[in-house]
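What follows is a single structure, written as structure tokens, with notes after it.
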Amino acid sequence: MLCEAVIFDLDGTLIDTVDDIGDAVNRVLSNKRLPTHTNSTYRSFVGDGSRRLIERALPEKYRNDEVIDACLKEYLEDYSLSYNVKSKLYLGIHHLLDTLKAKGLRLAILSNKQDAITRNCVKTFLSTWDFDVVFGQRNSVPRKPDPQGALEIAKRMSIPPSHFVYLGDTAIDMKTAVSAGMFLVGVLWGFRPLKELKDNGACAVIEEPMELLDIIYT
């Protein structure tokens, strides 16, 4: 296949962030004397942006705009200060990024996490590598699975969408890549199971980061 660049999702693809996300949301819930969740449960809550995360974490009877807005504000304040306590790169990501850069591929990140926090995560965990474009959730652009962010990356990098591999771990990522006309690869080390990735259009699914090279160079 002809691949000039790779777009990565962030949470569940490059960085294992679920513990810090879960801890931050649970602190918000505890402050309001609401039930908390295990951090593994948060794997099914993330992916659609912070507002949907909060909505899913709240008991159903509290899912109104006033409560969601208040909890979201508190969560973002907490998480912006605690995003780097337990989070870490997935095993093998360091080697993968080194190899892709050595082979001359260009890299970008597209996340539904708030743009400022996304950039802080990249600065903290991924500063070793040069990413052409880093986008988190911005008010001016619809969040994934709308393809606008992915297509904006392609335009900024002056590379046709069909020359991108898109790497992600959720149905949201798969739908984004399909809509953008990119070759999508699902990862099994992230937050979602194989069935979800295949059912939503994954062209290929990998268990280890370095398996991506077999797909790009075959």
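The values are calculated or read from the model by the stated rules, or taken from the named source; none is laboratory data. What you see is a predicted model; the values in this text were computed from it and never measured. Because the Cβ atoms are built from the backbone with ideal geometry, glycine has one as well, and the counts that use them run over all protein chains shown. Ligands, DNA and RNA are excluded from the accessible area calculation, which covers all protein heavy atoms including side chains. Shrake-Rupley method; radii C 1.70, N 1.55, O 1.52, S 1.80 Å.
The set of residues from segment 20-61 being open to solvent by 60 Å² or more (accessible area, probe 1.4 Å) and under 17 Å from the mean Cα position of the chain (by Cα) comprises S40, R43, S44, R51, R52.
When the residues of segment 108-121 are narrowed to those that are of a type outside the set (G, A, S) and without any contact (Cβ under 8 Å) to a residue 40 or more places away in the chain, which ends up least open to solvent (accessible area, probe 1.4 Å)?
D115
Take S158 and tell me if it is more than 16 Å from the chain's Cα centre (by Cα) and either surrounded by 22 or more Cβ atoms within 10 Å (Cβ to Cβ) or modelled with pLDDT of 95 or more (or both). Taking the combined requirement at face value, the residue satisfies it. Here I93 meets each of (1) without any contact (Cβ under 8 Å) to a residue 60 or more places away in the chain; (2) among the aliphatic types (A, V, I, L, M); (3) in contact with a Leu (Cβ under 6 Å, 6 or more places away or on another chain) with one exception, condition (1).
Consider segment 122-142 and keep the residues that are assigned to a loop (DSSP other than H, G, I, E, B) and out of contact with any helix residue (DSSP H, G or I) (no Cβ under 6 Å at 6 or more places or on another chain). The one that is surrounded by the fewest Cβ atoms within 10 Å (Cβ to Cβ) is S140. What about S82, is it surrounded by 14 or more Cβ atoms within 10 Å (Cβ to Cβ), of a type in the set (S, T, Y), modelled with pLDDT of 95 or more and under 29 Å from A177 (Cα atoms)? The answer is no for S82.
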